[in-house]
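As structure tokens, the structure follows; a few thoughts come after it.
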Amino acid sequence: MKKYDVIIIGAGVCGIYMLYRLLQQGLKVLVLDKAEGPGGTWYWNRYPGARFDSESYTYGYSFSEELLQEWDWSEHFAAQPETLRYLNHVVDKFDLRDYMTFGAHVQSARFIEADNQWSVTLESGESFQSTFLCTAIGMLSAATPPRIPGIESFRGESFHTYYWPKEPVDLKGKKVAVIGTGATGVQVIGAIAEEVGELTVFQRRPNWCAPLHNSKITAEEMAEIKASYDEIFRQCESTPNGFLHGPDRRELSEVPQDEKLAYWEDLYNSPGFGVWLGNFRDVLMDPAANAEFSEFIAGKILSRVKDPVTAEKLIPKDHGFGTRRVPLETRYYEAYNLEHVHLVDINETPIECIDETGIQTSAAHFDVDVIIFATGFDAITGAFDRIDIEGAGGLKLRDKWQDGPITYLGIQVAGFPNLFTLAGPQGASVATNFPPAIETAVEWTSDFIEQLVKEGKNRVEAEEAAEGAWVEHVKSFYDMSLLANTKSWFTGYNSNVEGHDKLRYMVYLGGSPTYREKLADVASSGYKGFVT
Ligand code: NA7
């Protein structure tokens, strides 16, 4: 049996950085990933239109000045192939590839109490052992195709966006169906609408989308960005969500009407998440302020979509702007002005089944060549549930988390010694710009492991009381936010997964600065809440 100090599951943004940090400490480390290369999210999501909603230069790692200075981003919001190239570049630059095993599908992980060791077993039957086990398995990596009768019988091509093939898929002139209008569906639809022969979008709930306003980065701009990285990262550190965009703290009611509208126009016409995260703070906290801004965005949808009936269908009625993840789009609404693009509201005419030739709704049969399932993920805990993780005393993580995650700091779980759920549920990462939050979690955890190793400690576990207090702390932010009242993957709903029909406290909504303070406080107190 091969033995390591640390096994990391996942070779995405998080796993790559954790490996780098632990190798610096001289530890023996193994990374396991079921993909055939590094990249995680950016390895898998190859669907047309897949790109950042984060400004590229806030998404790259900040830990190496040399890396920052040598990498040129080509667009303000880079597309998937470029991000995958970037992550491969990082892996090669820091000689990390030799520590990674690909095609390694982890099936189970079991804590052996007698040795204080984790035993990790792959689908192939091969096993490895380590003192510490780190999960870097992604928050959106367990794809969920819909549960539609007959789905297997379709004779054309069909893909979940997460599993988009590596080989190019020719959609030119084809009859294509897209099911799902979240951040992914909106990117796909905008990207393929013009090239396909006919596009039918099956929409259950519309989302409030806003323009991405992507553009190329010129050589001069890139030079300026490189000269300003300190400032860029300082700015990201200062905002609740780790993006360049921080909220305007003026009360909406204090701002004169013309000033407010001018500000909103400006936000709508600016690149990135400013329209969501750079808005007046009370838009996401006060229902009246939220309704006012939602009305503003509804006006934009009505002005961009020519057919008023279609436009009306694209305006969300069951939740306000920004209370679910805001998809950023490029020519999304304009796609519906094309003659060959149709919107089917499946609340009016539900999908009854999929058959050999297409999709049957209660009103009609749609013959299609290709079906694209942009139906999202068993988010945040799904990737954990898919591994049989067994802690001390035979406790299974999927049982402990049956009604939602329970963690201490989003990093450890009582009953699961030596397991670190890096950037996991109830941590800051998923509600924020991922990489800065990942860097926070990785740096904190690797420092902790370094100290444990130095002190010769081979067992560490969160205390149940500390865990309970953390969960209460996580819950307290849900009480303050309009996000908590809306069904979405942030709040644990997924119609395609059994039992995911109640509110779950999945993410840390307190913001990155508060999260970092909490972590720093625990570290400086000698890691209170942990027993070694
Ligand atoms: P999302 O945001 O979960 O969106 C999934 C979409 O698929 C959403 O519109 C769903 O409708 C729809 N959906 C899901 N299941 C069905 C079924 N069974 N029938 C019809 N429609 C369905 O996932 P994305 O991949 O778009 O985005 C996830 C994150 O990935 C994103 O935020 C980025 O950070 C990257 P619903 O709204 O549930 O009614």
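Every read-out reported here was derived from the displayed coordinates using simple, explicitly stated rules and does not represent laboratory data. The structure displayed is predicted, hence computed values, not measured ones. We place every Cβ from the backbone using ideal geometry, glycine too, and count neighbours over all the protein chains shown.
The H on the amide N of LEU343, modeled in the peptide plane, is under 5 Å from the matching H of VAL201, each at least 5 residues off or on a different chain.
Of all aspartates and glutamates in the structure, those lying under 19 Å Cα to Cα from LYS487, and not within fewer than 8 positions of it along the same chain, are ASP286, ASP318, ASP345, ASP378, ASP403, ASP479, GLU498, ASP501.
Only DSSP H runs of four or more residues enter the estimate; each adds -39500 (n - 2.57), and after division by the residues of the chain the mean residue ellipticity at 222 nm equals -9500 deg cm²/dmol. Once Rg and the Kirkwood radius are both taken over the C-alpha atoms of region 102-193, their ratio Rg/Rh works out to 1.13. Quick one: P(r) of region 221-270 from all Cα-Cα pairs, 5 Å bins, percents rounded to integers, in order of increasing distance. It works out to 5, 17, 17, 18, 18, 14, 8, 4, 0, in whole percents. Listed by chain and number, the aspartates and glutamates whose alpha-carbon sits under 15 Å from that of LYS172, ignoring those within fewer than 8 places in the same chain, are GLU157, GLU194, GLU195, GLU198, ASP369.
Residue ranges 309-318, 521-530 sort as 309-318, 521-530 when ordered by packing (mean number of other C-beta atoms within 10 Å per residue, highest first). Overall dimensions of region 284-323, expressed as equivalent-ellipsoid semi-axes from the Cα gyration tensor (√(5λ), whole Å, largest first), are 21, 10, 6. Rg of the Cα atoms in region 17-100, relative to 2.2 N^0.38 Å, amounts to 1.13. As I understand it, the dipole of region 1-95 uses +1 on the Cβ of Lys and Arg and -1 on the Cβ of Asp and Glu, about the Cα centre. Which of THR83, LEU68, TYR43 lies farthest toward its positive end? The residue sitting farthest along the positive end of the dipole is TYR43. Annotation: aspartates and glutamates with alpha-carbon distance below 18 angstrom to LYS454 (same-chain offsets under eight excluded): ASP5, GLU443. By the Kirkwood approach, averaging reciprocal distances over each pair of separate Cα atoms, the chain gets a hydrodynamic radius of 24.2 Å. Considering only beta bridges that DSSP places wholly inside the chain, some 35 percent are antiparallel. With 21 Å as the limit, the listed pairs LYS2/LYS400; LYS3/LYS457; LYS2/LYS28; LYS174/LYS313; LYS3/LYS528 have LYS2/LYS400; LYS174/LYS313; LYS3/LYS528 beyond it between alpha carbons.
Which is farthest toward the positive dipole end of region 226-290 among GLY274, PRO256, PHE243, measuring Cα position about the Cα centre, with Cβ charges +1 (Lys, Arg) and -1 (Asp, Glu)? Most positive-ward Cα: PHE243.
The magnitude of the dipole of the chain, with charges of +1 and -1 set on the Cβ of Lys/Arg and Asp/Glu and taken from the Cα centre, is near 840 debye. Converting phi to 3J(HN,Hα) with the Karplus coefficients 6.51, -1.76 and 1.60 and the offset θ = phi - 60°, region 143-150 yields 5, 10, x, x, 9, 10, x, x Hz in sequence order, with x at every glycine or proline. Within region 390-532, the percentage of alpha carbon pairs spaced more than 28 angstrom apart rounds to 17%. Close amide H contacts of TYR408 (hydrogens built in the peptide plane, cut-off under 5 Å, sequence separation of 5 or more or a different chain): VAL413, ALA414. A crude spin-label estimate for the pair GLU70 and GLN257, with each label 7 Å from Cα along the Cβ direction, gives 5.8 nm. Across all Cα pairs in region 230-364, the calculated P(r) in 5 Å bins from zero up to the longest distance comes to 2, 9, 15, 17, 17, 14, 9, 7, 5, 3, 1, 0 percent per bin. Applying the Karplus relation 6.51 cos²θ - 1.76 cosθ + 1.60 with θ = phi - 60° to region 27-32 yields 3J(HN,Hα) values of 7, 8, 10, 10, 10, 10 Hz, where x marks Gly and Pro. Rounded to two decimals, the Cα-based Rg/Rh of region 333-384, with Kirkwood Rh, is 1.07.
The Cα-based radius of gyration of region 348-451, divided by its Kirkwood radius, gives an Rg/Rh of 1.20.
Think of region 373-532 as a dipole: +1 on every Lys or Arg Cβ, -1 on every Asp or Glu Cβ, centred on the Cα centre; then among SER446, TRP401, VAL460, TRP401 lies furthest on the positive end. With the convex hull drawn over the C-alpha atoms of region 297-398, the volume per residue is 185 Å³.
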